[in-house]
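Novice: Quick one: the structure is below, questions incoming.
The values are calculated or read from the model by the stated rules, or taken from the named source; none is laboratory data. These numbers come from a predicted model, not from an experiment. Note that each Cβ is placed from the backbone with ideal geometry, even for glycine, and that neighbours are counted across all protein chains shown. Heavy atoms of the whole protein, side chains included, go into the accessibility calculation; ligands, DNA and RNA do not. Shrake-Rupley method; radii C 1.70, N 1.55, O 1.52, S 1.80 Å.
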Amino acid sequence: MDHKAYIAERLKIEGVTKEEIADSLAVPPDTSLGDYALPCFKFAKLLRRSPVAIAEGLAADFKTDGVISSVSAVNGYLNFKIDRTGLAEEVILKALREKCAYGASDMGAGKTVCIDYSSVNIAKPFHIGHLSTTVLGGALYRIFNFLGYRAVGINHLGDYGTQFGKLIAAYKRWGDREEVENGGIHAINDLYVRFNNEATEEMEAEAREYFRLIESGDSEANELFNRFKSITLAYVEKIYSRLNVQFDSYCGESFYIDKIPAVIDALKEKNLLKESRGAQVVDLDAYGMPPFIVLRSDGASLYATRDLAAAFYRKKTYDFDKCLYVVAYQQNLHFNQLFKVIELMGEPWAKDMVHVAYGMVSLEDGAMSTRKGKVVWLEDVISRSVEKAAAILAEKNPELAGRDDIAEQVGVGAVVFGALYNNKIKDIVFSYDKALNFDGETSVYVQYTCARAASVLAKLKDTPLWNGEEVGMNAREFELVKAVSDFPDTVKAAAKNYEPSMIARWCVDAAQTFNKFYIDCRIVNAETETLRRFRKALTEATLTALTNALTLLGIGVPEKM
Ligand code: ARG
């Protein structure tokens, strides 16, 4: 429950909004006076009264209830105490009852959110630049589903363009079926790179011809292209499964080619198209943007054209309430133009299109040479993280059973969490050592905390659960109850802001709060039987919330570490 909103709702201060009141509420460092405090100094000028008088007046008018058990005015502060047992009962019992649904909601019932993410390019490296879109999109997909929306995950494959003509030309020259089958995406990429390095006029002409053949439905060219496509997809799907990422649609750019003429007609009908040096464009000068090129002078479509057709297709097919594009901020202009064009076409759903932009990820050891040359392949980053995780686990816990699986969860988790922990728009520099630090703001720290909670619970398996009896909760316990109670609102806020980092941060805070509780309060050997039962229930509720949070981010939760 959001206590700040709850309190703000019950306070009336002339000329101050509920939001301002909620924002002004603070958690005092010493909670013996209160769980929340409102400093009244900031209202003194507005109300032309002393802070002491304001606090006293507000205290006299406030009606306590089952949530707020007492209010007092002290030196210009208005202090609120929460009914701790009441809150604990509500939160803990809810978490224990709902288990993997704790934090879920039906707020999105009947609404659809399309999420375009990862959107890899056929025959091109799946590299570290795709990490954020893949894990951010994957997390948003799970978060929206968890909140009751129908999420539609779309992998808008880059599978159209003259580069595929080049690839076929290269394959025809130097390629070999077996080599490509065995070497997979790397072999295909090598062919493409070689073509670009060695291309002559003549070869370029060949490439154009092969592209024309793909487009005109030539069976050999298409057979080859489809083979390259399935090799790429088989490769990326392996990585998706390691990252716990899924899609409902793999409709790539080529899928929209036959849907372009209808969009062009609509643009013409609205008088939006004009010719510029032979090309067909939508003039966006009035909006401070360069023209949106719809058709090149040779009549060919562009990336932008295919995105325009895709937007209409998605609206028609899914009737979305929101359509998200999880794409790097380098494409800000592209999406601003795209959304503006849709708006100019008079489509009211233009306002439901959102570019969820994110920053760049680079490796701390920028010089890290991969076995494949300059590009940093995502697969290598994941594998290296897993190897390092295995080495750390071997050292910390040589007896650990099932270490390979745990190392996979820890190593993959570190990469995912590394990409999700910061506000998405920030550029990030990934460091294996930082991401795998057991004491840092990391997924391993959170996973380790979960394993610790699980091991306490295993020791208490015969202890019955607490059922709401009064326990005279201490500050440590209460802080943890509050952390668990914050989880459902955190999930909603993460969805609202398209910001899974809010959940990642909640994880670290809650894990830290749990560890303080674990150090300061005896759980297994609690002072009384009621306390033992209460602390067991609190531990289990915490583990439930942390597990749900990590799962939403796409990170596994080992039982032991
Ligand atoms: N394939 C593109 C790239 O790698 C990203 C596509 C993003 N989605 C979209 N609908 N434009 O840059």
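Novice: Filter region 230-258 for residues that are within 14 Å of the ligand (Cβ to nearest atom) and of a type outside the set (A, V, I, L, M, F, W, C) and give the result.
Specialist: Thr232, Ser249, Tyr250, Gly252, Glu253, Ser254, Tyr256
Novice: If Tyr160 satisfies every condition in (1) farther than 20 Å from Tyr240 by Cα; (2) outside any loop (DSSP other than H, G, I, E, B) but one, which is the exception?
Specialist: Of everything listed in (1) farther than 20 Å from Tyr240 by Cα; (2) outside any loop (DSSP other than H, G, I, E, B), Tyr160 misses just condition (2).
Novice: Which of the residues belonging to region 512-534 are part of a helix (DSSP H, G or I) and either open to solvent by less than 10 Å² (accessible area, probe 1.4 Å) or over 15 Å from Glu470 (Cα atoms) (or both)?
Specialist: Within region 512-534, Gln512, Thr513, Phe514, Asn515, Lys516, Phe517, Tyr518, Ile519, Asp520, Phe534 meet the criteria.
Novice: Would you tally the residues in region 212-259 being touching a helix residue (DSSP H, G or I) at 6+ places or on another chain (Cβ under 9 Å), within 17 Å of His186 (Cα to Cα), open to solvent by 50 Å² or more (accessible area, probe 1.4 Å) and not small (Gly, Ala, Ser)?
Specialist: Matching residues across region 212-259 total 1.
Novice: Looking only at residues that are more than 16 Å from the ligand (Cβ to nearest atom) and crowded, with 23+ Cβ neighbours inside 10 Å in region 134-143, which one is farthest from Pro500 (Cα to Cα)?
Specialist: Residue satisfying both the conditions and the ranking: Ile143.
Novice: Which numbered condition trips up Ala262, out of (1) open to solvent by 50 Å² or more (accessible area, probe 1.4 Å); (2) away from the ligand (no atom under 15 Å from the Cβ); (3) under 24 Å from Ile128 (Cα atoms); (4) hydrophobic (A, V, I, L, M, F, W, C)?
Specialist: The one condition Ala262 does not meet is (3).
Novice: Something else: Please pick out the residue among Thr551, Thr539 that is assigned to a helix (DSSP H, G or I) and surrounded by fewer than 21 Cβ atoms within 10 Å (Cβ to Cβ).
Specialist: Thr551
Novice: If you don't mind, there's one more thing I want to ask. Consider Gly15 carefully, then state whether it is on the phi > 0 side of the Ramachandran plot, over 34 Å from the mean Cα position of the chain (by Cα), exposed (fewer than 15 other Cβ atoms within 10 Å of the Cβ) and small (Gly, Ala, Ser).
Specialist: yes
Novice: Tell me the residue from Gly165, Gly184 that is more than 29 Å from the chain's Cα centre (by Cα), under 30 Å from Arg314 (Cα atoms) and not in a loop (DSSP other than H, G, I, E, B), please.
Specialist: Gly165
Novice: Would it be correct to say that Tyr102 is under 18 Å from the mean Cα position of the chain (by Cα), of a type in the set (Phe, Trp, Tyr) and open to solvent by less than 40 Å² (accessible area, probe 1.4 Å)?
Specialist: Criteria not met by Tyr102.
Novice: For region 78-99, enumerate the residues that are open to solvent by 30 Å² or more (accessible area, probe 1.4 Å) and either among the small types (Gly, Ala, Ser) or within 30 Å of Lys42 (Cβ to Cβ) (or both).
Specialist: Result: Lys81, Asp83, Arg84.
Novice: Look through region 388-419, keep the residues that are crowded, with 18+ Cβ neighbours inside 10 Å and of a type outside the set (A, V, I, L, M, F, W, C), and return whichever of them is farthest from Gln447 (Cα to Cα).
Specialist: Result: Lys388.
Novice: Here's another thing I want to ask about it. Among the residues of region 149-162, count how many are within 32 Å of the chain's Cα centre (by Cα) and open to solvent by 30 Å² or more (accessible area, probe 1.4 Å).
Specialist: Final tally of qualifying residues: 3.
Novice: OK, next. Hey, any hits in region 232-244 for a residue that's in a loop (DSSP other than H, G, I, E, B) and modelled with pLDDT of 95 or more?
Specialist: Yes, there is a match, as at least one residue in region 232-244 is in a loop (DSSP other than H, G, I, E, B) and modelled with pLDDT of 95 or more.
Novice: Is it the case, given these coordinates, that Asn332 is surrounded by fewer than 14 Cβ atoms within 10 Å (Cβ to Cβ) and either in contact (Cβ under 8 Å) with a residue 24 or more places away in the chain or within 22 Å of Asn497 (Cα to Cα) (or both)?
Specialist: yes
Novice: Looking only at residues that are closer than 21 Å to Glu379 by Cβ and acidic (Asp, Glu) in region 163-196, which one is surrounded by the fewest Cβ atoms within 10 Å (Cβ to Cβ)?
Specialist: This residue is Glu181.
To keep it simple, each residue is scored yes or no on (1) in contact with a Leu (Cβ under 6 Å, 6 or more places away or on another chain); (2) of a type outside the set (Ser, Thr, Tyr); (3) within 20 Å of Leu136 (Cβ to Cβ).
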position	(1), (2), (3)
Gln409	no, yes, yes
Ala414	yes, yes, yes
Asn422	no, yes, yes
Lys426	no, yes, yes
Ser431	no, no, yes
Lys434	no, yes, yes
Phe438	no, yes, no
Ser443	no, no, yes
Tyr448	no, no, no
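Novice: Please go through region 424-468 and pick out each residue that is under 28 Å from Trp377 (Cα atoms), of a type in the set (Gly, Ala, Ser) and not in a loop (DSSP other than H, G, I, E, B).
Specialist: If the condition is that a residue be under 28 Å from Trp377 (Cα atoms), of a type in the set (Gly, Ala, Ser) and not in a loop (DSSP other than H, G, I, E, B), then Ala435, Ser443 are the ones that fit.
Condition check ((1) open to solvent by 30 Å² or more (accessible area, probe 1.4 Å); (2) under 17 Å from the mean Cα position of the chain (by Cα); (3) without any contact (Cβ under 8 Å) to a residue 60 or more places away in the chain) across all residues:
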site	(1), (2), (3)
Phe62	no, no, yes
Thr112	no, no, no
Ser132	no, yes, no
Asn145	yes, yes, yes
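Novice: Test Gly158 against the stated conditions and say whether it is in contact (Cβ under 8 Å) with a residue 60 or more places away in the chain and within 13 Å of the ligand (Cβ to nearest atom).
Specialist: Yes.
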